[in-house]
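S.K.: Following this message is one structure expressed as structure tokens.
The values are calculated or read from the model by the stated rules, or taken from the named source; none is laboratory data. Quick caveat: nothing in here was measured; it's all calculated off a predicted structure. Here the Cβ positions follow ideal geometry from the backbone for every residue, glycine too, while neighbour counts run over all protein chains shown.
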Amino acid sequence: MTKAQRIAAAWSTMSAAELIEQVRGMVKAGDAVARAVWAVVREDPVVAARVRGALAGLKAEYRGHRDEAMWLLWINRVQRQLTAEPVAEKAPAAEVVLDAPAEAAFPAELGFPAEVAVPADGAFSADAAFSAETAFSAEPAFQVPEVVAPRPQVSAPALLFQEPTSSHSA
């Protein structure tokens, strides 16, 4: 029996006042032990209902308190942990298809030739496989940004302050 299971078993026999004090300590701790306790409590519907009641009591107790926001955050996190479904095993990832067609590797809008001819003897010739007419006939997919000239330096400051006129003459 793990520590979390022992705590949950003890909570099932406690009075409401004792349970509220124990739950308050676990909510405040928020550590790995507390997360394990909430996971064990989630599995037992009777203890889970009692703990949800204790959490509701803590919410009411801290309403209007100077630390209300902090306690509401902690209590809401515990309530989400109690209602969350256990994490299931992940399904195996889909198989990767390595035999993708050449059209998928080189989209037509980029201007690459759809097929490259390879001579029967296996010797690859760049001149035979690549021609400027087929590769660069389409417009480029990106636009070159326009260069803007920098603003000229001005000797005057951007904002001038004027001395207020005095209401009385001296």
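S.K.: Which residue pairs have Cβ atoms under 8 Å apart, sit 6 or more places apart or on different chains, and have a first residue in the range 12-28 that is in contact (Cβ under 8 Å) with a residue 24 or more places away in the chain and on the phi > 0 side of the Ramachandran plot and a second that is surrounded by 12 or more Cβ atoms within 10 Å (Cβ to Cβ) and of a type in the set (D, E, K, R)?
M.R.: none
S.K.: Is there any pair linking a residue in the range 43-64 that is in contact (Cβ under 8 Å) with a residue 12 or more places away in the chain to one that is outside any helix (DSSP H, G or I) and of a type in the set (S, T, N, Q), with Cβ under 7 Å and at least six apart or on different chains, and which?
M.R.: 46/12; 47/12
S.K.: OK, next. Can you spot a residue in the range 12-23 that is at pLDDT 90 or above, part of a helix (DSSP H, G or I) and under 31 Å from the mean Cα position of the chain (by Cα)?
M.R.: Within the range 12-23 (the criterion being at pLDDT 90 or above, part of a helix (DSSP H, G or I) and under 31 Å from the mean Cα position of the chain (by Cα)), the answer is yes, since at least one residue qualifies.
S.K.: Give me the helices (runs of 4 or more DSSP H) completely within the range 27-120, filtered to those with at least 2 residues that are modelled with pLDDT of 90 or more, ordered by residue number.
M.R.: Hits in the range 27-120: 32-43, 45-62, 68-83.
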